[in-house]
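Okay, structure first, notes after.
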Amino acid sequence: MLTVTDIKYIRQEVNQKGRKYAEVARQMNHDERTVKKYADMEDWSEERLKTTRKPRVMGKARPIIDKWLEEDATKKKKFRRTAKRMFDVLVKDHGYEGSYRSIREYVRKKKQQMGHSTEAALPLESMPGTAQVDFGEAPFVYRGRSIDLSYLVLSFPFSNTFYFQVFQSQNRECFLEGLKRIFHHLGGVPKTIRFDNLSPAVKKVLPYGERLLTDEFERFVLHYGFSTEFCNPGSGNEKGHVEAMVKYIRNNFLLPEIHVADLERLNETFWTAAEEDRNRKHYQKDELLSELFEEDRKALLQLPEKSFECVRYEECRPDKYGLVKIDGRQYSTSPRFAKSTILAKISYGTIEIMTAEHESIITHARLYGEDKKSMKWQPYLELMAKRPMAIKYTDFFEQLPVNWKEYIDSCTVPEKQEALRLLSVLLKQHDFSVATESLKIASTHGHPSAESIKQVFYQLINGRSDRVSLDIRRDSIPPMPPASRGSTHYDKLFESKRQIVHTF
């Protein structure tokens, strides 16, 4: 015996999506004749016998309740009106004279109808507040290199509008970060979003249209409270609107290739670009897109109080050099954590290395593209100070600014040790720019000690670097009176003392 859900699924797959009876029968493990029977059935008149006469007393109450239910559909369940609350307000403010039972039954049936309309997979184009999502790719010159970058598009079929953000990858963290940014810029969340079977969202496609979601995406959906719809495998046309928007955005906003050094700053400009694009009429409805988008906006769900943290955690074990591998790329930790267990906090833009107790060790910019290794040398400098002669054979020495290379080359072995210990302290909170400026100033009068570099460094960061230099030259010193020597000076002293005694 087929359930109502099974029958709905058969009719949707055969009649709306054009799939063959045999294909659906094999998928559902039913006889092909059974599938054909329910797919082709046209007369459902038996249900008409169950209709009942609508009570006249509900006439004025129905449009009020309908409005309340539409308003509540955008809110969390705990913030929605109950049937009892509706009844009380109708009696108090609208003079309702019917029974509570009538209100309760009407609310129940109306909610079923609203839920049914969502489950029936009607075209998303006709429903305000629904959206579609997909990734696209476009060429960029990013930090001097010609590469293809991904951009996440969220489109609204009802108003034919969109938002998009550019990322360096289509991974889970970029996918969730892009959605979160768009939700918070919108100030609301689409009620229903249709996706392709993107790997950041879907682990596995199950029978009967079900999906096994990734843990992070499932928590993201629960956090923001929207409903998900997924296309059938190989049926990208089921999200045709967003695919059209992907092409439109590439052609109108991303070509020819954009030269970009700061991706975050570039993404800020795309909010305005998407909104200015709405100053044109809809291709069918003969209304401005901006006006239609307001209907989409009104139908959005409320944002949760807290934003979702788009990160994942991985337990890792660094090798003997303190290097850990994440997504096929190497990141440095610290020599003291070699061969031990650490925790990696992974976001779309950073990799933070932490102890098992969640104490931060070091933070890296996340690597993409051809970059395979990120090395932060500061935690290794204390170890280098114990073997200073080996520094010339490390990548760290090659990455040093020229001033520091020349300085370390001219140091004795003990001075090299002091310089490396000093750098391990200076580079904890500051980059090489301040340390290099300190070295330049301290070297004004010759080869400086590590202590003198340190003093200049702290003067610079504390804002006491502007000192008036005294021009002390021999010809700038005023002439001193000639000095005379002899015992006569003592006689004059004793005479002055005797005069003081006689005054008493």
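The values are calculated or read from the model by the stated rules, or taken from the named source; none is laboratory data. Remember, predicted model here, so these are calculated numbers, not experimental data. Methodologically, a virtual Cβ is constructed for each residue, glycine included, from the backbone with ideal geometry; neighbour enumeration extends over all protein chains shown. Accessible surface areas use protein heavy atoms only, side chains included; no ligands, DNA or RNA. Shrake-Rupley method; radii C 1.70, N 1.55, O 1.52, S 1.80 Å.
For the range 200-251, divide the Cα radius of gyration by the Kirkwood radius and give the resulting Rg/Rh value with two decimals. Please report the intermediate quantities before stating the final value.
Numbers: Rg = 13.2 Å, Rh = 12.7 Å.
Here the Rg-to-Rh quotient is 1.04.
At a probe radius of 1.4 Å, what is the per-residue accessible area of Glu264, in Å² to the nearest 10?
Rounded to the nearest 10, that gives 80 Å².
If you rank Val205, Val402 by how much accessible surface each has, with a 1.4 Å probe, what is the order from largest down?
Details: Val205 65, Val402 95 Å².
Final ranking, largest accessible area leading: Val402, Val205.
Show which lysines lie in cross-link reach of Lys281 when reach means a straight Cα distance below 18 angstrom and same-chain residues fewer than eight apart are skipped.
none
Could you pull the accessible area for Ser227 with a 1.4 Å probe, rounded to 10 Å²?
60
What whole-number value in cubic angstrom gives the convex hull volume per residue for the C-alpha atoms of the range 263-365? Let's see the in-between values first.
Working: hull volume 16.1 nm³, N = 103.
Dividing the Cα hull volume of the range 263-365 by its residues yields 156 Å³.
Counting only protein chains, not ligands or nucleic acids, how are Leu343, Leu383 ordered by accessible area (probe 1.4 Å), most first? If you can, show how the numbers build up before the last one.
Details: Leu343 25, Leu383 70 Å².
Of Leu343, Leu383, the descending order of accessible area is Leu383, Leu343.
If a/c stays under 1.5 just call it rounded; otherwise compare a/b with b/c (prolate if a/b is bigger, oblate if not). Do that for the range 137-197, with a ≥ b ≥ c from the square roots of the Cα gyration tensor eigenvalues.
Numbers: a/c = 2.12, a/b = 1.97, b/c = 1.08.
Because a/c hits 1.5 or more and a/b exceeds b/c, the range 137-197 counts as prolate.
Does the range 213-313 come out rounded, prolate or oblate by the C-alpha gyration tensor, with a ≥ b ≥ c the root eigenvalues, rounded set by a/c under 1.5 and, if not, prolate when a/b is larger than b/c and oblate if not? Show your work: numbers first, answer last.
Numbers: a/c = 1.44, a/b = 1.22, b/c = 1.18.
Rounded, because the longest to shortest axis ratio a/c is under 1.5.
Excluding Lys339 itself, calculate the net charge of residues whose Cβ lies under 10 Å from the Cβ of Lys339, where each Lys or Arg counts +1 and each Asp or Glu counts -1. Don't skip to the answer; put the middle values down first.
Working: positive: Arg317, Lys320; negative: Asp319.
Local net charge: +1.
Keeping every protein chain present and rolling a 1.4 Å probe, give me the accessible area per residue for the range 190-269 in Å². Write down the numbers at each step before the final one.
On the way: 4140 Å² over 80 residues.
Using a 1.4 Å probe on heavy atoms only, each residue of the range 190-269 averages 52 Å².
So how exposed is Ser452, as accessible area in Å² (1.4 Å probe, rounded to 10)?
30
How many angstrom lie between the C-alpha centres of the range 377-406 and the range 313-371?
21
Can you spot the aspartates and glutamates whose alpha carbon is less than 18 Å from Lys109's alpha carbon? Ignore those fewer than 8 places along the same chain.
Those aspartates and glutamates meeting the cut-off are Glu47, Asp66, Glu70, Glu71, Asp72, Glu119.
Quick check on my link table: of Lys345/Lys372; Lys376/Lys416; Lys320/Lys386; Lys36/Lys285; Lys77/Lys306, which ones sit more than 28 Å apart, alpha carbon to alpha carbon? Write out the running numbers ahead of the final one.
Numbers: Lys345/Lys372 18 Å; Lys376/Lys416 20 Å; Lys320/Lys386 17 Å; Lys36/Lys285 38 Å; Lys77/Lys306 17 Å.
Exceeds cut-off: Lys36/Lys285.
So what J values fall out for the range 90-102 if you push phi through Karplus, 6.51 cos²θ - 1.76 cosθ + 1.60 with θ = phi - 60°, rounded to Hz, Gly and Pro as x?
Once rounded to whole Hz, the list reads 4, 5, 6, 9, 10, x, 5, 10, x, 8, 5, 4, 5.
Mind listing the phi-derived Karplus ³J(HN,Hα) values for the range 254-265, rounded to whole Hz, using 6.51, -1.76 and 1.60 with θ = phi - 60°, and x for any glycine or proline?
Listing the rounded values in order: 10, 10, x, 4, 8, 8, 9, 10, 10, 5, 5, 5 Hz.
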